[in-house]
Every structure is written in C-alpha cells, then in structure tokens.
Amino acid sequence: MKQLTKQDSKLANLIKKEQQRQREQLQLIPSENYVSKAVLQAVGSVLMNKYSEGYVQKRYYQGNVNIDKIEALVKKRALKLFGLDEEKWGVNVQPPTGSVANLAVYTALIKPGDKMMGMFLYDGGHLSHGWQLPDGKKVSFTSQIYKPCYYYVDISKGVFDYEQVEKQAKKEKPQIIISGGTAYPREINYKKMGQIAKKVGAYYMADIAHEAGLVAAGVNSSPFKYADIVTMTTRKTLRGPIGAMIFSRKKYAEAIDRAVFPGLQGGPLNHSIAGIGVALKEAMQSSFKVYARQVVANAKTLAKLLQKMGYNISSGGTDKHLLLIDLRSKNMTGKQSALALEQANIIVNKNTVPGDTGKPWNPSGIRLGTPALTSRGMKEKQMEEIAGFINHVLEHQTDKKEISRAAKQVKAFAKQFPVPGLDS
Ligand code: DSN
C-alpha cells in the first residue's frame, strides 16, 4: 500500500481501517469470505485495463490475445471443478454478479410476461428470483419484467414439502422454476425439483450461489444432473472474488452468451475473471475439501450450541454453512440484535424467517454463517466460544457496559486468528 498511501492517504487510511476491522471482528455473514493473497493479486492486476467485449477469439477489439487465454483457462477450470463434460455443458464466466447472471438466464430462455416460480423470499429465496412484496410492490426488476410466483416451506418444520411444491407448480404452470436463495439452511432435493420442472414443462434453474464451494468439494449434493441451468456467485463458499458463472446445457449456451453480451453488459471484468480462475484452482486442492467439511461441521456445531442455549434455529439445524435464528420466542428483534452484536464486534445480518410477521428492515431473525471464520482456521472449539459470546450479547443487548466488555473480549479473541489475504 506504499504507493497508494503516498498518493492518496485518505483512501489508503480507509482501506487500512477496513483491514483492521476484518482482523478484529468476527465475520459471520454466510455470503462473505476471505480470498487468498493470490486471488487479491489477480484481481488487482493490469487485466482491468483491457476492454474485451465478446468471447474467446470473437472479440470486438484487438489486443485480447492474453485475455482470450485467461478466459478460456477459467472456463476449462470451472467445468473441471464441477466434473462437467465440455461436450455437454457450457459456462459463461463474465457476469459481474449473481443477479446479472440470473437475469441473463431469463433473458435467454423466457419472454417478458412469462411466469417464474422461485422460493418465497421470507423462506430463504432471493430478490433476483422475481421478488415482490406481499403488498404487490415490485421490488426486484425481475418481478417487473416477469410474473412471479413462489413455493413455500412448511412453516411448522421450516423445510420444503416437495409434494406441496409440485402442487404449486401444477397450479401456477411457470415457464421457469428456480431453486436456491440466501437463507435456506437445508439441502435442496435437486432431483425432485428437476422432476417437478419436467412435469410442468418448465426450465429448471438451480441457483447455488451460497453452496457453490460446498458442492465443488462434494460436501453438499450437486444439482448438475437435474438442472438445465446452474448459476452461482463466486465470492461466497467458493472463496473467490466478486463475480458469477452460468453453467448451461450445451443447447442453451449460445443464447445465454448472447444474453450476457451484448444483451446485458459490455466489457467483462477481466481482473475478476482471472481471480475466479485462481479461486477455482484453489478449490481443486484437497485442502479445500477439508475446508468445506469444516465449514459445515462448524455451522452444525454452532446451531446445536445455540439450540442448547434456548434459541429457535429455523428448520432445527443446518446441512450447510448457514443457520437462521428465529428470535420471536426470545422476544428479540433481528435489527436490534444484529446492531448489538455489531457493537460487540460480531457481524451478522438481520433476516426474515419463515412465517415472519416483521418487516424486511426489522425482521424476526438473524442469519449466521461459518465460511469466513473457517477460512481463519476456526474449528468446533472456537464455535463454543463464539456461541457463548453471541448468547451473552443477545441477553444483554441493552446493557452498554456489558456490550463494551464483550467487544473487548471478542476483539482479543478474533485477533488470534490470521486473516487470509492479509496475514497469510
Ligand atoms: N447478498 C447475498 C447474501 O447475503 O445472501 C445474496 O445476494
């Protein structure tokens, strides 16, 4: 940071403050992680100087000889990591985010006004799967273009009843069915979802943004056998930089490429694509499997411990990297609890829970995840300490003295664990 500090100390200082924050706080937002130094170097490279509209060997501008090789390599690695046959599957690595990737899929496969069926947001779905508020307000652009409908968890269990999902699909007759989202703690039955989509003549898109790293490591099941399209972001459990990928059966690949460029975007983020390539190589190592297994073991441990402390864990536990605490039985709110935890250096996000009666900006739950903590080398033993911190802060959330005492303890605890990309 020497050059930056000399040239722009204001910005350099803010970046240093963020580095400090990432060291001193416990990062439990399940969609966040720490990339390696190698990923940071690729993303901070001169690749960002180049415009590369188009695709490998089909660019609109000259000078893409190296970019072509990079994009081809990243695509090859992406297919290899998920065990896909290049003859049967295509992959587009250019979307800058998951929402853009999803929009590209809809643009390629369905028409404006067509129906999309996704997981209800309060039950763990995502904005880009056609979210509109229960009062009809079309919050996501996808719900303005397409007609959204949803499937729901069984409120008493917090899990999907696939017979109900099938009934709903038969009633709604959507053109595309989407699984995945941001806050469903259980594995999705991809086989069942694929069968339901087939029965109603819909495309099946599995959005595995959250689970991508766990699927790659074989720790969670894979949707590729059953889905027409699989989308994912690269920054979550896959531990890459911000970016996204769209995997599609070969017959849809050309339409999807056209939808990404020139349909929705111009020049791709070459630096980010290279960073994704580095992360994909890292994810092929046996150490990544160990990491992914530990992510899930940590989440299960945290869920069990919090349950023992009297918290209502949505669906009774987790199969993956995230858990959702329904705070209604404790007479706590998501917003207040997340703020108190932040003051104590524990970073989570407020979240809606199944059957939520609160508002999205003050919902009844908080969402916790273990990918970032695990990247810092934390294991079950540390989850015990963290569960203790969380419980203590939640129980004393209006007690300023207790919160500031906890903040000091959490900071000292966090600083013992190196942050990848910064300290290792
Ligand atoms: N913002 C992401 C998450 O936190 O789950 C989803 O896009």
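Some points to look at:
- Qualifying residue in region 96-105 (condition: part of a loop (DSSP other than H, G, I, E, B), closer than 21 Å to Tyr252 by Cα and within 16 Å of the ligand (Cβ to nearest atom)): yes
- Selected residue (criterion: nearest to the ligand (Cβ to nearest atom)) from residues of region 76-95 that are open to solvent by 50 Å² or more (accessible area, probe 1.4 Å) and assigned to a helix (DSSP H, G or I): Arg77
- Only a single item in (1) farther than 29 Å from Ala197 by Cβ; (2) out of contact with any Pro (no Cβ under 6 Å at 6 or more places or on another chain) is not met by Gly136, and it is number (1).
- Residues in region 225-240 that are more than 11 Å from the chain's Cα centre (by Cα) and open to solvent by 10 Å² or more (accessible area, probe 1.4 Å): Lys225, Tyr226, Asp228.
- Wholly within region 130-235, strands (runs of 3 or more DSSP E) carrying at least 2 residues that are over 28 Å from Thr357 (Cα atoms): 203-207, 229-233
- The condition of being within 16 Å of the ligand (Cβ to nearest atom), within 15 Å of Met119 (Cβ to Cβ) and surrounded by 14 or more Cβ atoms within 10 Å (Cβ to Cβ) holds for only one of Ile177, Ile188, that being Ile188.
- Lone unmet requirement of (1) within 25 Å of the chain's Cα centre (by Cα); (2) surrounded by 19 or more Cβ atoms within 10 Å (Cβ to Cβ); (3) more than 16 Å from the ligand (Cβ to nearest atom) for Ile67: (1)
- If you go through region 241-260 and keep only what is in contact with a strand residue (DSSP E or B) (Cβ under 7 Å, 6 or more places away or on another chain) and either of a type in the set (A, V, I, L, M) or open to solvent by 10 Å² or more (accessible area, probe 1.4 Å) (or both), you end up with Ala244, Met245, Ile246, Arg249, Lys250, Tyr252, Ala253, Ile256, Asp257, Val260.
The values are calculated or read from the model by the stated rules, or taken from the named source; none is laboratory data. Bear in mind that the values here come from a model prediction, so they are computed numbers and not experimental data. Virtual Cβ from ideal backbone geometry, glycine too; neighbours counted across all protein chains shown. Ligands, DNA and RNA are excluded from the accessible area calculation, which covers all protein heavy atoms including side chains. Shrake-Rupley method; radii C 1.70, N 1.55, O 1.52, S 1.80 Å.
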